[in-house]
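Report on one structure; see the data block that follows.
The values are calculated or read from the model by the stated rules, or taken from the named source; none is laboratory data. Keep in mind it's a predicted model, so treat the numbers as computed, not measured. As a convention, Cβ positions derive from the backbone with ideal geometry for all residues, glycine included, and neighbour counts pool all protein chains shown.
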Number of protein chains: 2
Amino acid sequence: MRYYDSLARLISHFQKLPGVGQKTAQRLAFFVLKLPVGEVESFAAALVDARSKLAHCSQCGNMTDQDPCHICRDGKRSKTHICVVQESRDVLALERVSDFKGLYHVLHGAISPLEGVGPDELNIKSLLERVSREKPEEVIIATNPNVQGEATAMYLAQILKPLGIQVTRIAHGLPVGGDLEYADEMTLSRALEGRKPL
Amino acid sequence: MRYYDSLARLISHFQKLPGVGQKTAQRLAFFVLKLPVGEVESFAAALVDARSKLAHCSQCGNMTDQDPCHICRDGKRSKTHICVVQESRDVLALERVSDFKGLYHVLHGAISPLEGVGPDELNIKSLLERVSREKPEEVIIATNPNVQGEATAMYLAQILKPLGIQVTRIAHGLPVGGDLEYADEMTLSRALEGRKPL
């Protein structure tokens with residue numbers, strides 16, 4: 001079996017995307033072949049455009065098209081609370097809820113010795129400098145509730161507490177609308193641990 | 001919450017791909033932002049390149065960068081057997097097995113009244129002309145084993161048989177390596193129906 005070169009190239013590009021295997025890549029490529037030419041050109045332009053225009057905010061590390069980002073620039077947001085997240089998309093997720101009115105700090109990953117990611121590979125040095133300089137009241141650690149996220153949270157707590165800053169971790173427990181029966185053991189155990197008086 | 005325009009545009013393009021919802025689109029877009037610029041430019045070029053270079057073969061309807069396609073041009077392939085498939089990617093799937101040495105005919109879809117797809121929307125007229133002209137011994141109908149694919153197979157059998165051509169359908173039954181216990185009722189019933197003496 002042979003692919004046409006241009007098709008093979010497109011498939012291999014799709015295949016590099018996260019969660020896209022060979023079959024899905026093939027499906028996406030064939031879908032693109034059926035799109036109007038203008039649509040495909042606009043897709044291609046959007047790829048290059050987004051990649052070239054967006055960069056990391058020098059203060060918080062969030063993805064932005066202006067430095068500092070619109071959250072760091074926003075005078076209405078409280079500088080006393082810094083929420084630490086793994087990725088820029090986590091900022092988007094939290095902003096969607098819009099309960100949090102403080103600032104963010106994006107680490108661009110989590111500590112994962114197996115993948116060779118230590119504290120030096122993450123945006124932690126600038127967090128320390130920022131905390132020392134701006135003296136927030138509280139640093140909320142909102143890394144993911146998995147092994148890497150927990151390890152990162154532990155590490156951050158260890159280095160931030162000596163600075164006299166309150167360090168908190170977002171709550172773990174049953175997701176709202178979830179079913180006790182289907183919750184995994186770790187989640188259930190965390191939910192019990194974090195119980196509150198009614 | 002607000003996205004940066006260029007990011008929003010990229011996300012909306014990813015979201016138009018089949019099987020990609022809002023969350024996946026967001027994930028893919030953020031992944032692209034982390035890729036090297038050269039890689040993103042090459043992805044964009046591959047999109048435009050594939051879409052502009054590939055077209056349908058005038059004989060069989062298969063995706064090709066030269067007309068007629070490499071299968072129709074191949075003198076070693078038997079012209080006595082035409083295998084009818086729904087999509088160009090089905091040709092790729094069958095070619096990967098490489099048991100079939102005849103030619104193909106790509107319908108670009110299946111009959112689906114609910115989606116407004118009738119015989120006239122498919123590449124059926126040219127199949128009829130081709131069959132009348134080239135008088136193959138057998139037309140093998142390899143549309144998908146679902147409602148639309150079956151309806152299309154029935155329709156094609158009805159219009160091809162009066163031309164005195166043998167029309168066959170690929171076999172339905174248990175997939176190799178599959179588990180009887182997990183097979184759905186239709187598949188089991190088809191597997192029984194199509195049983196062969198040992």
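Taken residue by residue, the range A:118-138 has at least one member that is touching a strand residue (DSSP E or B) at 6+ places or on another chain (Cβ under 7 Å), in the same structural domain as A:I71 (by TED's automatic domain parsing), of a type in the set (V, I, T) and under 30 Å from A:D74 (Cβ atoms).
Summed over the range B:5-46, residues that are under 16 Å from A:A93 (Cα atoms) and of a type in the set (K, R) total 2.
Looking across the range A:20-50, the residues that are over 21 Å from B:F30 (Cβ atoms) and not in a helix (DSSP H, G or I) come down to A:L35, A:P36. For the range A:140-198, the set of residues classified as among the β-branched types (V, I, T), at pLDDT below 85 and either crowded, with 16+ Cβ neighbours inside 10 Å or in the same structural domain as A:F100 (by TED's automatic domain parsing) (or both) consists of A:T187 only. Screening the range A:68-139 for helices (runs of 4 or more DSSP H) wholly inside it with 3 or more residues that are at pLDDT below 90 and out of contact with any Leu (no Cβ under 8 Å at 6 or more places or on another chain) returns the ranges A:88-97. For the range A:113-139, what are the residues that are surrounded by 12 or more Cβ atoms within 10 Å (Cβ to Cβ) and closer than 18 Å to A:G102 by Cα? A:S126, A:L127, A:L128, A:R130, A:V131, A:E134, A:K135, A:P136, A:E137, A:E138, A:V139 - these are the residues of the range A:113-139 that are surrounded by 12 or more Cβ atoms within 10 Å (Cβ to Cβ) and closer than 18 Å to A:G102 by Cα. Scanning the range A:22-72 for residues that are at the interface with chain B (Cβ under 7 Å from one of its Cβ atoms), in contact with a Ser or Thr (Cβ under 6 Å, 6 or more places away or on another chain) and touching a residue at least 12 places away in the same chain (Cβ under 8 Å) turns up A:K53, A:M63.
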